[in-house]
Amino acid sequence: MDIMKRHKSVGDWIADIIIIAVMVALSLICVYPILFTLFASFSDAKALLNRTGLLFAPLQPYTVEGYRLAFSNVKLSTSIWNTVIYVIGGTALGTFITGMAAFVLSRKSFLLRGFIMKMITVTMFFSGGIIPLFIIVRGIGIYNTRWAFLLPWIISAYNLIIMRTFFESVPAALEEAAYLDGATDLQIFFRIYIPLSKAIIAVIVMYYGVGWWNSWYQSLVFQPDNKLWPLQMILRETLISNDRSATMDVTSMAEESYTRELVKYCTVIIATVPILVIYPFVQKHFVKGAMIGAVKG
Amino acid sequence: MSAQVKYRKEPFRLRLVRNIRQHPWLYIMILPAVAYFIIFHYLPMYGVVISFQDYHPVRGITKSPWVGLKHFNNFLNGPFFWRLLRNTLSINIGLLLVGFPLPIIFALMLNESRSGPFKKVVQTITYMPHFVSSVVVCGLMVIFCRGDGILTFILSKFGMPQSNLLTYKQYFQPLYIAMNVWQELGWDSIIYFAALAGVDASLYEAAYVDGAGRWRQMWHITLPSILPTIVILLVMRVGNLLSLGWDRIFLLYNDMVMETADVISTYVYRTGMVQMQYSFASAVGLMNSLVNVVLLIGANALSRKFTDSSLW
């Protein structure tokens, strides 16, 4: 665009400088809380306890003691394993069901298309609430199982609509030949739609994946047994409820008071780094998803 | 659309049977999703009938006694109604007033930057907080707001007290709003970047030739171009004015700030799941849902009347 090459006036320069300053400040505000936590997690426990104010590097002597303690906690390792199960299981199952439903709802030949779309859209604006859901979960016998974590939120109507919007844009000409050859709808889904839809599948997998990674309150409501809890629930205990047994199993009280803070920061880093490492590489999928979603409102 | 003449108007049941015969797989493939929505959305919607009962788990929905509007009356005349309504509204309105315009301003400003890589880097960095989990964000908030916390330290330079900020009634809502804005500012702007990317570049060319400066270009071209997007998002936000997820407030609040922190959804959780007053909590939740639907329909109607954009 040649508009960029045009001569800048003084006003333009001032505007540019202000914009850059604001943007840099904003970026720092976004990053610093996590950086602070990272520095704190490698700091000496005693030094950290006696320090108030900003950190620009870990406090010496550097240590990984906090990480050692955090990982030695059985509850944490169980919860990481649970999170892996929930993220992989929930995402795989959810994407599969969503994909099939979105495909069906994009078919003009499906008679109940309009009716089922309406039925799904209504759920985006009106819900029975947590109490009736709790009664249902108990009633169908999945209370206090892993299914109680996954099933009540296995599909998101929003993701379904995004995926359907994408499927509707697939040119009909592609499948006409297949229909003439006698292919079933199932074959068309697997052989034509899935290969064409890698980008949108990536978007939906990301949405579900991050959603499951962040979920916790299903456990609070439906899973009294803490052996089923995901990482986020243990984090909640560690960070907010201040339940000591969540952080450490066998440590003397004196040492505990020093290290408890340190372990908090380490647990945050353990729970945050995986997703922060991945997101710069996958954010373009999210942006794409947000845009498809925006078109449909 | 369907103005064309139908040659044979078959009864629906016959058409359905024929459709199932022709496309059996479609019906099989949609089955899991339909089952999901029936079991986890429509059955709970039916389940709200317990709002009109004295539900007891052992008796179940069928055998629990009907009590009419008792729970609704109890809530409306109860000691917490006004407090809950006030907090839910004021937190939401605060989020709307601060959290809604900021992403727009942010997107417009960054859009003015001429350097592509700079834009990309700023976008990537500001999206980051969105990916941090609620538990971590709230957990860090709790740590940072303690007496020796870093946020307390910074804010004490501006005259705020140097003790646990989350125990002050007057600070809870601003802190909650700030935390949400921190987390979603960048992310909420994505949609505006998408709209901005769609603005016809030749409009700017024409404006430039006509001697319009940067400011006037923004005011007369950029802003009108993204206005429909803004209106739609505003309608959705207004429609959610009385719905506030309970999870984050639940993570942040404590006994000392209930006066300003307790909202309808946290109250539903506490009375329902903790005190096990199932029917009462369900009635409160139902009222909240209904008001939301009314708000959404109202906002949409207003938007359709005064602008060209609407949700439906």
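The values are calculated or read from the model by the stated rules, or taken from the named source; none is laboratory data. Treat the numbers as computed from the prediction; the structure is a model and nothing was measured. In this analysis, Cβ positions are derived from the backbone assuming ideal geometry, glycine residues included, and neighbour counts consider all displayed protein chains.
What number goes with the only condition from (1) more than 10 Å from chain A (Cβ to nearest Cβ); (2) modelled with pLDDT of 90 or more; (3) assigned to a helix (DSSP H, G or I) that B:Thr62 does not pass?
Unmet for B:Thr62, out of (1) more than 10 Å from chain A (Cβ to nearest Cβ); (2) modelled with pLDDT of 90 or more; (3) assigned to a helix (DSSP H, G or I): (2).
Tally the residues that are at the interface with chain B (Cβ under 7 Å from one of its Cβ atoms) and farther than 28 Å from B:Glu184 by Cα, restricting the search to the stretch A:16-58.
0
Out of the residues in the stretch A:168-189 that are loosely packed, with under 13 Cβ neighbours inside 10 Å and part of a helix (DSSP H, G or I), state the one that is farthest from the other protein chains (Cβ to nearest Cβ). Before you say what the answer is, go through the steps one by one.
Residues of the stretch A:168-189 that are loosely packed, with under 13 Cβ neighbours inside 10 Å, as a first pass: A:169, A:171-174, A:176-177, A:180-182.
Those still in the list that are part of a helix (DSSP H, G or I) too: A:173-174, A:176-177, A:180.
Working: A:Ala173: 19, A:Leu174: 18, A:Glu176: 15, A:Ala177: 18, A:Leu180: 15 Å.
So the residue we want is A:Ala173.
Take the residues in the stretch B:100-118 that are in contact with a Phe, Trp or Tyr (Cβ under 9 Å, 6 or more places away or on another chain) and more than 7 Å from chain A (Cβ to nearest Cβ); name whichever of them is modelled with the lowest pLDDT.
Of the residues in the stretch B:100-118, the ones in contact with a Phe, Trp or Tyr (Cβ under 9 Å, 6 or more places away or on another chain) are B:103-104, B:106-108, B:110-111.
Then drop every residue that is not more than 7 Å from chain A (Cβ to nearest Cβ), which leaves B:103-104, B:106-108, B:111.
On the way: B:Pro103: 95, B:Ile104: 94, B:Phe106: 95, B:Ala107: 93, B:Leu108: 91, B:Asn111: 88.
Among those residues, the one meeting the criterion is B:Asn111.
List the number of the failed condition for B:Asn180; all other conditions in (1) within 25 Å of A:Val287 (Cβ to Cβ); (2) within 11 Å of chain A (Cβ to nearest Cβ) hold.
(2)
Is it fair to say A:Phe125 is within 10 Å of another protein chain (Cβ to nearest Cβ) and modelled with pLDDT of 90 or more?
Numbers: within 10 Å of another protein chain (Cβ to nearest Cβ): yes; modelled with pLDDT of 90 or more: no.
Answer is no for this residue.
Under 7 Å by Cβ, and 6 or more places apart or on different chains, what pairs join a residue from the stretch B:131-158 that is over 15 Å from A:Leu276 (Cβ atoms) and in contact (Cβ under 8 Å) with a residue 24 or more places away in the chain with one that is surrounded by fewer than 21 Cβ atoms within 10 Å (Cβ to Cβ) and of a type in the set (Ser, Thr, Tyr)?
Partner pairs satisfying both residue conditions: B:Cys145/B:Thr152.
From B:Ile38, B:Ile28, grab the single residue that is within 14 Å of chain A (Cβ to nearest Cβ), farther than 30 Å from B:Gly245 by Cα and at pLDDT 95 or above. I'd like the intermediate steps shown before the answer.
Numbers: B:Ile38 fails: farther than 30 Å from B:Gly245 by Cα.
B:Ile28 is the lone residue from the list that is within 14 Å of chain A (Cβ to nearest Cβ), farther than 30 Å from B:Gly245 by Cα and at pLDDT 95 or above.
Of A:Ile142, A:Ile136, which residue is among the aliphatic types (A, V, I, L, M), in a loop (DSSP other than H, G, I, E, B), within 30 Å of B:Ile264 (Cα to Cα) and touching a Pro at 6+ places or on another chain (Cβ under 9 Å)? Talk me through it step by step, then tell me what you get.
Working: A:Ile136 fails: in a loop (DSSP other than H, G, I, E, B).
Result of the check over A:Ile142, A:Ile136: A:Ile142.
Say we look at the stretch B:265-312 and pick out the residues that are outside any helix (DSSP H, G or I) and closer than 26 Å to A:Val221 by Cβ; which of these is farthest from the other protein chains (Cβ to nearest Cβ)?
Of the residues in the stretch B:265-312, the ones outside any helix (DSSP H, G or I) are B:275-277, B:307-312.
Remaining after also requiring closer than 26 Å to A:Val221 by Cβ: B:275-277.
Values: B:Gln275: 11, B:Met276: 10, B:Gln277: 9 Å.
Out of the qualifying residues, it is B:Gln275.
Those residues that are surrounded by fewer than 16 Cβ atoms within 10 Å (Cβ to Cβ), of a type in the set (Gly, Ala, Ser) and more than 18 Å from A:Ser127 (Cβ to Cβ), I need them from the stretch B:17-72; list them, please.
Passing the criteria: B:Gly60, B:Gly68.
Given the criterion in a helix (DSSP H, G or I) and more than 11 Å from chain A (Cβ to nearest Cβ), identify the matching residue among B:Leu185, B:Leu175, B:Leu166, B:Leu233.
B:Leu175
Those residues that are free of Cβ contacts under 8 Å to residues at least 12 places away in the same chain, under 30 Å from B:Ser282 (Cα atoms) and within 22 Å of the chain's Cα centre (by Cα), I need them from the stretch A:79-124; list them, please.
Hits for the stretch A:79-124: nothing passes.
What are the residues in the stretch B:188-207 that are of a type in the set (Val, Ile, Thr) and in a helix (DSSP H, G or I), if any?
At the first step, the residues of the stretch B:188-207 found to be of a type in the set (Val, Ile, Thr) are B:190-191, B:199.
Answer for the stretch B:188-207, where residues must be of a type in the set (Val, Ile, Thr) and in a helix (DSSP H, G or I): B:Ile190, B:Ile191.
Tell me the helices (runs of 4 or more DSSP H) entirely within the stretch A:1-117 that contain at least 3 residues that are under 30 Å from B:Leu102 (Cβ atoms) and modelled with pLDDT of 85 or more.
Numbers: elements: A:10-41, A:45-49, A:65-72, A:74-105.
Result: A:10-41.
Of all residues being among the β-branched types (Val, Ile, Thr) and over 15 Å from A:Val137 (Cβ atoms) in the stretch B:41-59, which is nearest to the other protein chains (Cβ to nearest Cβ)? Just the residue, please.
We begin by selecting, within the stretch B:41-59, every residue among the β-branched types (Val, Ile, Thr); these are B:48-50, B:58.
Checking the rest, the ones that are also over 15 Å from A:Val137 (Cβ atoms) come to B:48-49, B:58.
Details: B:Val48: 5, B:Val49: 9, B:Val58: 12 Å.
The residue in question is B:Val48.
For the stretch A:89-122, give me each residue that is surrounded by 20 or more Cβ atoms within 10 Å (Cβ to Cβ) and within 18 Å of B:Leu43 (Cα to Cα).
A:Ile120
For B:Ile226, all conditions in the list (1) under 30 Å from B:Phe193 (Cα atoms); (2) surrounded by fewer than 20 Cβ atoms within 10 Å (Cβ to Cβ); (3) more than 15 Å from the chain's Cα centre (by Cα) hold save one; what is the number of the exception?
Evaluating B:Ile226 over (1) under 30 Å from B:Phe193 (Cα atoms); (2) surrounded by fewer than 20 Cβ atoms within 10 Å (Cβ to Cβ); (3) more than 15 Å from the chain's Cα centre (by Cα) leaves (2) as the failure.
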